[in-house]
Structure formats: structure tokens, C-alpha cells
Amino acid sequence: MQCNVLQYLFYGSLIFVIWTALFFVYFHHGHVRSPLKKAHAEPPSAPSHAHQRVIYAAEELGTARLIAAEAEEEEQAAAPGKQFSPSNENVNYSDPELLDGFLKYGFNTIVSRSLGHEREVPDTRDKRCLSKHYSLHLPTASIIICFHNEEFNALLRTVSSVVYLTPPHLLEDIILVDDMSKFVDLKEKLDYYLESFRGKVKLVRNKKREGLIRAKMIGAAYASGEVLVFLDSHCEVNVAWLEPLLHAITEDYKTVVAPVIDVIDSLSLEYQPSPLVRGAFDWTLRFRWDNVLSYEMDLPEGPTNPIRSPAISGGIFAIYRPYFYELGEYDKDMDIWGGENLELSLRVWMCGGQLLIIPCSRVGHISRKHAKPDSSHEDSLARNYLRLVHVWLDEYKEQFFLRSPALRHRTYGNISERIQLRKQLGCKSFQWYLDTVFPELEASMVS
Ligand code: UDP
Ligand code: MN
């Protein structure tokens with residue numbers, strides 16, 4: 001009997017030690033690697049790389065969405081951001097709370113809790129942005145933030161950064177959509193804390209989990225601002241983040257705009273500036289950041305000039321509300337998330353609009369370290385991709401199936417409404433998109 005107890009104790013401690021060691025190696029590896037990554041990634045404006053594809057960062061297919069670039073020039077890396085967050089040197093990797101936070105939320109919840117509900121982040125804009133002035137008569141905005149099992153402090157920092165860094169006359173409302181979260185602190189406690197924002201925040205709770213794509217449409221239906229701005233629930237907006245986005249939309253209402261997405265490190269929660277990049281993807285439809293074409297940087301306004309982007313990364317963008325509906329919202333039969341960003345990107349470009357990244361608008365986003373998506377999520381991701389491939393890729397869908405042959409015979413539901421929408425909007429061909437917006441993708445074809 002005593003012998004058994006000793007055995008259990010021995011094996012129990014062994015498992016604990018192995019877990020701690022694995023966890024340590026995981027982060028330590030990330031740290032050792034990052035300087036190498038920096039060395040590979042040239043600043044996007046370097047002329048010699050003007051037409052060469054430089055990939056700054058990309059995530060796995062299952063999580064292929066927003067991850068901002070890690071590369072940055074030395075000067076910017078030494079930006080005042082450091083003073084706003086603790087450094088990783090003080091992390092105790094064997095703390096079970098740290099592991100638990102990563103498993104549940106994908107980032108360091110100990111630091112998140114210590115940062116609390118609001119903090120100041122460094123102004124990461126190019127200095128030339130500071131001399132830009134925007135009309136006082138910009139359209140109003142509704143900020144839509146969907147969340148599912150989000151960490152409480154990160155969610156509140158998202159809301160409070162919007163409230164404090166948005167001119168009140170431009171902020172119509174903030175719509176929070178709780179996509180059936182299970183965590184108890186997101187119920188009464190959240191209601192209580194949101195009251196301090198005095199009527200600016202509306203909280204909508206879904207009765208079942210809808211997934212991000214339908215949750216965004218639900219949020220939009222509650223919005224009354226002229227422009228819809230979508231944010232993830234672990235963001236912090238930067239100084240004067242909204243004005244340049246709204247300004248670009250007033251120049252042409254068919255312009256969908258995204259800020260530069262700065263990185264909030266998942267371990268230290270340090271706010272770090274990202275380089276100027278544009279959104280792109282490959283034939284597997286994996287999203288990635290690309291370097292900006294040199295001629296865009298050579299324009300008179302240089303690095304403050306809006307950047308034409310073949311795609312948006314996902315959650316963070318702004319669109320004129322009537323245009324969102326004119327363009328057909330999202331495909332409501334897409335599940336959870338994934339693929340909807342590319343579907344929207346192709347729809348905007350091919351149906352008469354444009355996608356711009358606005359360098360003077362910056363929003364930080366926690367680049368979470370996800371666990372691998374579960375198999376049901378992989379199914380919905382594959383289905384979403386198939387729906388977009390069959391509606392938008394024309395004869396080029398072969399290029400997708402050459403890379404993902406297993407998906408060739410998978411079912412993807414009825415797409416007749418989306419095909420009808422494409423006809424009704426008089427959209428151009430995918431060949432036009434390749435020729436005009438994204439020739440680099442055509443160049444990477446296999447025959
Ligand atoms: N989300 C949601 N419902 C879902 C899945 C995600 O409302 O079924 C929210 C999530 O809480 C987050 C946003 O959608 O605010 C984007 O998801 P996530 O951050 O996981 O994507 P990532 O940025 O990591 O790619
Ligand atoms: Mn996110």
C-alpha cells in the first residue's frame with residue numbers, strides 16, 4: 001500500500017517536471033529564434049526587395065489570421081514601448097497559472113491581470129502622421145467587438161482604449177457581442193464593469209455559439225454609426241487611430257480600410273510596432289503579410305500613404321455601414337471563423353471597391369499562441385474555404401485543389417445565394433483580380 005502511494009507520488013512529480021520543462025523549452029525556443037527572424041526580414045521599404053515576396057509572418061492554416069510581423073528596424077525596436085510592459089526575463093515558466101492562462105486564452109494572463117483594465121501604450125506612428133489633420137466632420141463609428149471565452153482584463157482594455165482614444169463625437173457606440181462564452185466572469189461581473197462607460201457600450205449575448213462570422217453580422221445589426229469598425233476582443237487602439245480610417249472612407253465610400261496591426265506580445269504583453277506590410281495569401285489560401293511595393297512608398301506622402309492591399313488579415317477593419325450591406329455582409333453559412341477575410345477581400349476588389357491599409361492608424365492585437373484547432377474547427381475551416389473557392393476563384397480553383405487534393409470532393413453546402421450575389425453586383429473575374437490587384441499570386445502558379 002505504502003509502496004503504491006510512493007509510486008504515485010514519484011510518477012506525479014515526474015509528470016509535473018516534464019510539463020514544466022516542455023513549457024520552458026517552448027518559450028525559450030521562441031526567444032532564441034526571434035533575433036534570427038529579424039535578421040531575415042528586411043524592412044519592407046528596401047528598394048532591392050521591391051517586387052520580391054518577403055513573408056514577415058504567417059500562421060498555420062488552422063489559425064491563419066491576424067499575426068503581425070515580428071521584424072522591425074532597430075530604431076523602432078528601441079521605441080518607448082519597453083517602459084509600458086514588464087520584460088520576459090521575470091517570467092516564472094514553472095508557474096501553473098501561466099500554463100493555465102496560455103491553455104485557456106493563448107497569452108500570459110498573470111501579466112494581463114497586473115496591467116488591469118487600462119494602460120497607456122506607446123505611440124508607434126511615423127512622425128509624419130503627427131502633422132496630419134482631419135476634418136471635424138468625419139462620419140460616426142460603431143465599434144463591434146465579438147468575444148468568445150475572452151480573458152476579462154484584455155476585453156476591458158480593448159473597450160477602455162477605444163473609449164479613451166476615440167473623440168466622443170465620432171464614437172456612436174461600442175457593440176460587444178458575447179458569442180456564448182462559458183466563463184463566469186464574463187457574465188454579471190462584466191455587466192457591472194461596463195456600466196462605468198455610461199451608455200456608450202451595448203452588450204448583446206448570443207443564445208448559442210454562432211462563430212465569429214455570424215456574430216459580426218449580429219453586432220452590425222445593432223450598430224447605428226455610419227461606419228462599422230470591427231475589432232478583436234484583445235486589442236488596444238493607439239493615439240488617433242480612428243480619424244485616418246474614417247477619412248479614407250469619406251474619400252471613396254467603397255474603400256474598406258484596416259489599420260497597421262501592432263503586436264502585443266503574448267508572453268510579456270509588451271506593445272511593439274509593426275512594419276508597413278500589405279495583406280496577401282498563397283494558393284492554399286493561407287494569409288500572410290507581404291512587403292509593400294516600392295512605388296507605393298515612393299509617393300509624396302511616403303510611409304504615411306495608404307497602401308493598396310490584396311487582402312485583409314481578418315478581424316480588424318472599417319467599412320461604411322451602407323456599403324457593408326450593399327456588398328452582401330458575410331456568407332452566413334460560413335462557420336466559426338477563417339476564410340471570411342479572404343472572401344470579403346476578393347468581393348471588395350472584384351466588385352468595384354478597394355482595400356487599403358492606413359499607416360497612420362495603429363491598433364495593437366495580442367498575437368495569441370493557439371493550441372492546435374480541434375477537428376470540428378478544421379472541418380468548418382475547410383468548408384469555409386471551399387465556399388469561397390467555388391464562388392470566387394473561377395478556373396483558378398484548380399490551383400487550390402492541386403495544393404489541397406483532399407478537399408476536392410468534400411461537401412460545402414449550398415452556395416447559390418452567393419453566386420447570385422456575385423452576378424447581381426456585376427463583379428469582375430478572378431483573372432481581373434490577378435492581373436490588376438495581385439499579379440504576384442499568378443506568378444506563383446504551378447502547371
Ligand atoms: N470569436 C467569437 N466567436 C467564435 C470564435 C472567435 O466571437 O466562435 C471572437 C474571439 O473572441 C476574438 C475574435 O472572434 O475576439 C477573433 O478570434 P481570434 O482572436 O481567436 O482569432 P485570432 O486573432 O487569434 O486569429
Ligand atoms: Mn485575435
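The values are calculated or read from the model by the stated rules, or taken from the named source; none is laboratory data. What you see is a predicted model; the values in this text were computed from it and never measured. Don't worry about glycine lacking a Cβ; one is built from the backbone with ideal geometry, like all the others, and counts go over all protein chains shown. Quick note on the areas: whole protein, heavy atoms, side chains included, nothing else; ligands and nucleic acids left out. Shrake-Rupley method; radii C 1.70, N 1.55, O 1.52, S 1.80 Å.
For residue 175, enumerate residues with amide H under 5 Å from its amide H, sequence gap 5+ or separate chain, H modeled in the peptide plane.
143, 144, 145, 202
What figure in square angstrom, to the nearest 10, would you give for the accessible area of residue 283 with a 1.4 Å probe?
Surface open to solvent at residue 283 totals about 10 Å².
Given the pairs 189/332; 208/332; 202/369, which span a C-alpha to C-alpha distance of over 23 angstrom in this model? Mind dumping the intermediate values first?
Numbers: 189/332 31 Å; 208/332 15 Å; 202/369 29 Å.
The pairs that break the limit, which is 23 Å between Cα atoms, are 189/332; 202/369.
Return the FRET efficiency for the residue pair residue 446, residue 425: r is the Cβ-Cβ distance, R0 is 30 Å, and the value is rounded to the nearest 0.05. Don't skip to the answer; put the middle values down first.
Details: r = 31 Å, r/R0 = 1.03.
Efficiency computed from Cβ-Cβ geometry: 0.45.
Between Rg and the Kirkwood Rh of the stretch 103-203, both from Cα atoms, what is the Rg to Rh ratio?
Numbers: Rg = 15.5 Å, Rh = 15.3 Å.
Radius of gyration over Kirkwood radius for the stretch 103-203 works out to 1.01.
Using only the alpha-carbon atoms, what does the stretch 122-161 span along each of its principal axes? Please give whole angstrom values in decreasing order.
Principal axes ranked by extent give 40, 26, 13 Å for the Cα atoms.
For residue 236, list long-range residues whose amide hydrogen, built 1.01 Å from N in the peptide plane, is under 5 Å from its own amide hydrogen.
Amide H neighbours of residue 236: 364, 365.
Which residues' amide hydrogens lie under 5 Å from the amide hydrogen of residue 281, considering only partners 5 or more residues apart or on another chain, with H built in the peptide plane?
288
Starting from the Kirkwood Rh over alpha-carbon pairs, what translational D in µm² s⁻¹ does the stretch 313-447 have by Stokes-Einstein at 20 °C and 1.002 mPa s?
On the way: Rh = 16.4 Å.
Answer from the Stokes-Einstein relation: 130 µm²/s.
Roughly speaking, to the nearest percent, how much of the stretch 281-400's 1.4 Å accessible area is carbon and sulfur?
Numbers: 1760 of 3540 Å².
Of all accessible area on the stretch 281-400, carbon and sulfur atoms account for 50 percent.
For the pair residue 254 and residue 99, what calculated FRET efficiency results from E = 1/(1 + (r/R0)^6), where r is the Cβ-Cβ distance and R0 = 45 Å, to the nearest 0.05?
Details: r = 47 Å, r/R0 = 1.04.
Taking R0 as 45 Å, the efficiency between residue 99 and residue 254 is 0.45.
In terms of solvent-accessible area of protein heavy atoms at a 1.4 angstrom probe, what is the ranking of 298, 331, highest value first? Before the final figure, lay out the partial values.
Values: 298 120, 331 5 Å².
Result, largest first: 298, 331.
Could you work out the equivalent-ellipsoid semi-axes for the stretch 255-317, taking the square root of 5 times each eigenvalue of the Cα gyration tensor, largest first, in whole Å?
Working: eigenvalues 88, 59, 24 Å².
One finds semi-axes of 21, 17, 11 Å for the stretch 255-317.
With the full set of protein chains in place, find how many percent of the accessible area of the stretch 150-211 is carbon and sulfur; take the probe as 1.4 Å.
Working: 1670 of 3020 Å².
Roughly 56 percent, rounded to a whole number.
For labels at residue 120 and residue 374 in the simple 7 Å Cα→Cβ model, what's the distance in nm?
Simple spin-label model gives 4.3 nm for this pair.
Residue by residue through the stretch 216-227, which ³J(HN,Hα) values in whole Hz follow from phi under the Karplus form 6.51 cos²θ - 1.76 cosθ + 1.60 (θ = phi - 60°), with glycine and proline marked x?
Going residue by residue, I get 5, 5, 5, x, 4, 5, 8, 7, 10, x, 6, 10 Hz, with x marking Gly and Pro.
Hey, if we sort 343, 329, 172 by accessible area with the 1.4 Å probe, largest down, what's the order? Kindly include the intermediate steps, with their values, before the conclusion.
On the way: 343 5, 329 50, 172 80 Å².
Largest accessible area first, the residues go 172, 329, 343.
Roughly how many Å² is the accessible area per residue of the stretch 269-413, as a whole number, for a 1.4 Å probe? Numbers along the way, then the final one.
Values: 4670 Å² over 145 residues.
So the stretch 269-413 comes to 32 Å² accessible per residue, rounded to a whole number.
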